Amino acid sequence: MDYFDPLARPFWTVVGVAIVCGGVVGFERQVRGKPAGVRTSILVCLGTSVFIHLGAAVVGPGSDATRVLGQLVTGVGFLGAGVMFSREGVVTGVTTAAVIWVLAAIGAAIGLGRYHGAIALALVTVAVLVGVELLESSVKLLTRGVHGRSDDGESSG
């Protein structure tokens, strides 16, 4: 069966899982007013899953599907670097960059047909983002340095 046949179920399974996984993570980021919200998260997941599947589908002499995965890791690293900024000695956007990288990993799992693992990783990612935020809010020692909070409750980092 052709993976890219929009009349076939596998096509929509990949699209659906990418939308769900990217949407769950992106919703958390968007609700908190962070960069890389729902749209970006879904597109990173979907794009990565398509590239990984295409790389795995190329079979023949000299083909190596792992090269696609390696290049995606590098490329998404550059994408994430584009959201990091340094202002007055404080670096911001590092968590957003890490989230983009994790979204690519989730997309790679989807592209390799590991749907349950991808969904689990999306949920773990949201749990880490929300859980650590709650932990930082309740444990004063975790809000020192670049993780300090301003009077409005927003992290300065």
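The values are calculated or read from the model by the stated rules, or taken from the named source; none is laboratory data. Predicted, not measured: the structure shown is a model, and the values here were computed from it. Reconstructed Cβ throughout: ideal geometry from the backbone, glycine too, with neighbour counts over all protein chains shown. The accessibility values were calculated without ligands, DNA or RNA, using every heavy atom of the protein model including side chains. Shrake-Rupley method; radii C 1.70, N 1.55, O 1.52, S 1.80 Å.
One table, with the values for the structure above:
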| quantity | calculated |
| --- | --- |
| Given (1) among the β-branched types (Val, Ile, Thr); (2) in contact with a Ser or Thr (Cβ under 9 Å, 6 or more places away or on another chain); (3) free of Cβ contacts under 8 Å to residues at least 24 places away in the same chain, number of the condition VAL31 does not satisfy | (2) |
| Residue within region 131-139 that is modelled with pLDDT under 95, open to solvent by 60 Å² or more (accessible area, probe 1.4 Å) and assigned to a loop (DSSP other than H, G, I, E, B) present | no |
| Those residues of region 4-14 which are open to solvent by 30 Å² or more (accessible area, probe 1.4 Å) and either in contact with a strand residue (DSSP E or B) (Cβ under 7 Å, 6 or more places away or on another chain) or not in a helix (DSSP H, G or I) (or both), in sequence order | PHE4, ASP5, PRO6, LEU7 |
